[in-house]
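This report concerns only the one structure given below.
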Amino acid sequence: AVSSLEHRNGMRHVAVGVSIIAASDGAMRAGLTATAVCSVTADPPRLVVFVNKNVVADQVIRNSGALCVNVLAGEQEDVAKAFAGMIEGVHGDTRFGFGRWNTLATGAPALDGALTNFDCRVVKVYDESTHHAFLCEVLATRERNDGEALIYLNGGFRRLPQ
């Protein structure tokens, strides 16, 4: 097996879309910048989202049973950085000061202006090493048909034209 460092270095070359995974359990909102989101099936519409067990959002998602995958547009790099902990002094609920937020069907925070919002109910939770894999049923979507996509490649954010 390769080392975790070798694995991380190899994964730096996999270009992936950037999303904010956001949840609210009524008592608090939490979110994180994520690249580990994948479509599972179209019928029924399901996604899988991987979240580190050590972040607050993991517990909020488990408490609420819902989350929203907010697929970021190119101009939302500041939101990605805020939720990734890359802006000094910005953490917890203050991250939601970046962008405009509302809700769709589940009550999970949905980012206005995202390329797509997938509002989801958690169907199953899988325990995998340092992460939980949340299998989610998509209950509502909202999308826009313009703008660049925000991707992550080789340790940095990049914009990809449509």
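From the phi of every residue in segment 122-135, what ³J(HN,Hα) in whole Hz does the Karplus formula 6.51 cos²θ - 1.76 cosθ + 1.60 yield, where θ is phi - 60° and glycine or proline is x?
6, 9, 8, 10, 10, 8, 9, 6, 8, 10, 9, 9, 9, 7
Using a 1.4 Å probe on the protein heavy atoms, what percent of the accessible area of segment 4-154 belongs to carbon and sulfur? Please report the intermediate quantities before stating the final value.
Values: 3930 of 7660 Å².
Exposed carbon and sulfur together represent 51 percent of the surface.
I want to verify the translational diffusion coefficient of segment 85-150 in µm²/s; compute it with Stokes-Einstein, Rh as the Kirkwood radius over Cα pairs, at 10 °C and 1.306 mPa s.
Numbers: Rh = 14.1 Å.
Translational diffusion coefficient: 112 µm²/s.
In square angstrom, what is the accessible area per residue of the chain with a 1.4 angstrom probe? Write down the numbers at each step before the final one.
Working: 8610 Å² over 162 residues.
Here the per-residue accessible area is 53 Å².
For the chain, calculate the relative contact order in percent as a whole number, restricting contacts to Cα pairs under 8 Å that are 6 or more residues apart.
Numbers: 363 pairs, mean separation 43.4, N = 162.
With pairs under 8 Å counted, the relative contact order is 27 percent.
Please list 107-114, 31-38, 46-53, 5-12 highest first by mean number of surrounding beta-carbon atoms within 10 Å per residue.
On the way: 107-114: 21.5, 31-38: 19.5, 46-53: 17.8, 5-12: 10.4.
Per-residue Cβ counts within 10 Å, averaged per peptide and sorted highest first, yield 107-114, 31-38, 46-53, 5-12.
With unit charges on the beta carbons (Lys and Arg positive, Asp and Glu negative) and the dipole taken about the Cα centre of the chain, which residue among Ala27, Leu153, Gln59 sits farthest to the positive side?
Gln59
For the chain, state what percent of all Cα-Cα pairs lands in each successive 10 Å bin, counting from 0 Å until the bin that includes the largest distance.
Bin by bin from 0 Å, the calculated values are 11, 41, 38, 10, 0.
The values are calculated or read from the model by the stated rules, or taken from the named source; none is laboratory data. These figures come from a predicted structure and were not determined experimentally. Methodologically, a virtual Cβ is constructed for each residue, glycine included, from the backbone with ideal geometry; neighbour enumeration extends over all protein chains shown. All accessible areas refer to the heavy atoms of the entire protein, side chains included, with ligands and DNA or RNA removed. Shrake-Rupley method; radii C 1.70, N 1.55, O 1.52, S 1.80 Å.
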